[in-house]
Amino acid sequence: MRSWKRYAAAFVLNIAVTLVVLFVRGFELKIYYVDAFSVAGGVSILLGLLMWIADAGAFDTISYGFSALSVQRKYKDLYEYSMKKKEKRSRRRGHFLPFVIVGLGFLGISFLTALAE
């Protein structure tokens with residue numbers, strides 16, 4: 001996926017979370033807008049960090065365990081599986097950054113809304 005598409009996806013996710021929180025809390029008070037933007041920013045940042053952790057290979061053992069359950073084994077052992085995954089991951093760098101950056105933007109909007117009178 002191209003970089004601008006990742007940013008668009010992160011932005012749409014943040015807008016959707018913001019609207020869900022606003023529909024649940026209401027549109028009356030300023031604190032509800034602060035809550036909505038901060039929840040959306042937090043969710044986006046945590047999703048980006050989870051993608052970063054997965055990109056680092058933290059879940060390789062678990063995914064190898066599930067792939068070993070199939071009848072046809074593609075990989076001889078966990079080491080071979082990890083090396084193949086590492087090769088694939090080396091081609092795509094920083095795909096988690098749009099979620100973190102857009103999330104920080106929404107947190108910034110939340111702080112500015114809280115400071116505004």
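The values are calculated or read from the model by the stated rules, or taken from the named source; none is laboratory data. Owing to the predicted nature of the structure, the values given are computational and were not obtained by experimental measurement. When we count neighbours, we look across all protein chains shown, and the Cβ atoms used for this are built from the backbone with ideal geometry, even at glycine. SASA here: full protein model, heavy atoms, side chains in, ligands and nucleic acids out. Shrake-Rupley method; radii C 1.70, N 1.55, O 1.52, S 1.80 Å.
Identify, please: which residue in segment 93-110 is touching a helix residue (DSSP H, G or I) at 6+ places or on another chain (Cβ under 8 Å) and open to solvent by 40 Å² or more (accessible area, probe 1.4 Å) and is, among those, nearest to residue 53 (Cα to Cα)?
Only one residue tops the list, namely 97.
In this structure, does residue 9 turn out to be modelled with pLDDT under 95 and under 11 Å from the mean Cα position of the chain (by Cα)?
yes
Just to be sure I understand, how many residues within segment 43-78 are farther than 18 Å from residue 90 by Cα and within 10 Å of the chain's Cα centre (by Cα)?
So the count comes out to 5.
Just a yes or no: is a residue in segment 59-72 in contact with a Gly (Cβ under 8 Å, 6 or more places away or on another chain) and either open to solvent by 60 Å² or more (accessible area, probe 1.4 Å) or not hydrophobic (A, V, I, L, M, F, W, C) (or both)?
No, every residue in segment 59-72 fails to be in contact with a Gly (Cβ under 8 Å, 6 or more places away or on another chain) and either open to solvent by 60 Å² or more (accessible area, probe 1.4 Å) or not hydrophobic (A, V, I, L, M, F, W, C) (or both).
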